[in-house]
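Written out below as structure tokens is the structure these notes cover.
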Amino acid sequence: MWTLPKEPRRGDSLAKTIRKFFNDEVKISKENRSRAKKLVKDYVEDEIIPYCKRNSPLPLLRLEYTGSMYEGLKCEAADEVDLMVILHTTDLEVVVDTSEVPGYAKLRAYVNSTLRRYADPWGYIIPAQIRLAWFQSLVIKAKNAFEMKFPLSPVCLRVSTHGPAVKLDHISIDATGAKETLLSVDLVLCFQIGPDDYFVAKPYEGRTPVCNAELLWRQSFSLKEKKLLKGMDKDRRELLRTVKTILKRETTFARLTSYHLKTAFIHCMTTNTTENLSGDRSLEEHFLGFLGSLQIYLTNRQLPQ
């Protein structure tokens with residue numbers, strides 16, 4: 001069941017086979033990473049976000065760089081990045097109300113807050129309303145302003161909806177009119193409440209019916225996960241990237257998302273008992289241990305909490 005896509009050469013150790021597969025099939029070139037980072041800086045950081053800050057009725061606090069690209073977990077190509085756009089709020093403006101769904105909450109804006117225009121009559125901020133009526137509309141205006149400012153830009157921008165995010169595609173057009181998507185940037189609107197709690201406009205997708213599900217905000221642990229993953233050694237991050245690439249190519253595991261694999265991986269790596277190992281032995285034990293844990297989670301159809 002758990003096999004590498006290519007048969008290893010006779011005499012190769014498991015660690016050598018894993019590393020060879022990573023270098024041949026998973027590793028992203030330095031040029032590819034540099035291009036993605038330059039596109040983010042030139043178009044998102046220098047143009048789109050400054051326009052949004054200047055023209056938004058709601059104050060934007062900062063960008064946070066999340067997702068696999070900035071966690072060191074991206075595989076094969078640097079073609080997607082995730083950025084959290086943090087709204088500036090105070091304790092006197094928004095309060096968190098718990099919900100019946102673990103991991104979700106309702107955010108209530110006080111009467112004198114500008115956010116009330118995106119809330120229901122009881123003050124609960126509606127994720128779809130603020131994301132579409134305000135944020136996506138603002139990004140579209142920023143994109144239009146960019147096109148007027150740089151009509152001959154070699155890169156054009158396209159705005160669309162992608163789950164809870166506003167998606168900003170960076171597209172090049174050559175002399176023949178052929179288009180190529182260079183990079184897709186997911187801009188995820190996020191509330192920071194207090195020093196450590198973050199909530200994003202990710203809709204509830206559970207099977208159990210929930211009252212007022214359209215008001216729920218998903219608590220995000222992206223920054224904590226990023227810090228945890230970046231603190232792991234390079235071999236372990238490369239191990240997860242290798243497993244992600246293998247399973248992505250197996251139709252049997254089509255329903256497994258990066259979120260599932262990352263959650264399982266973090267749990268496995270933070271509860272393992274092989275910290276005293278090093279080098280090839282460590283890589284092999286972590287690889288086999290992660291696959292064994294993942295098999296248990298799949299059999300039980302449940303991820304660890």
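Relative intensity of the stretch 30-220 on a log10 scale, I(q)/I(0) at q = 0.13, 0.17, 0.19 Å⁻¹, equals -0.72, -1.13, -1.32, per a Debye sum over C-alpha point scatterers of equal strength in the absence of solvent. Cβ-Cβ distance of residue 233 and residue 210, R₀ of 41 Å, FRET efficiency by 1/(1 + (r/R0)^6): the value works out to about 0.50.
Ellipticity at 222 nm from helices only: DSSP H runs of n ≥ 4 in the chain, each -39500 (n - 2.57), divided by the residue count, give -10000 deg cm²/dmol. Relative contact order of the chain: 18 percent, from C-alpha pairs under 8 Å at least 6 residues apart in sequence.
Overall form of the stretch 208-249: oblate. Here a/c, set by the Cα gyration tensor axes a ≥ b ≥ c, is 1.5 or more, and a/b is not larger than b/c.
Here the Karplus relation 6.51 cos²θ - 1.76 cosθ + 1.60, evaluated at θ = phi - 60°, turns the backbone of the stretch 195-209 into coupling constants of x, 10, 9, 10, 9, 10, 7, 8, x, 5, 10, x, 7, 6, x Hz, with x for every Gly and Pro. Taking the C-alpha atoms only, the angle from helix 279-300 to the longest principal axis of the chain is near 60 degrees. Restriction of the GluC sites (Glu not before Pro) in the stretch 141-212 to DSSP coil positions whose beta-carbon has at most 16 other beta-carbons within 10 angstrom yields 205. Counting other Cβ atoms within 10 Å as a rough exposure proxy, the listed residues 130, 49, 140 run 140, 49, 130 from fewest neighbours to most.
Here, each number is a calculation from the coordinates, and none is a lab measurement. Worth saying up front: this structure is predicted, and the values here are computed from it rather than measured. Because the Cβ atoms are built from the backbone with ideal geometry, glycine has one as well, and the counts that use them run over all protein chains shown.
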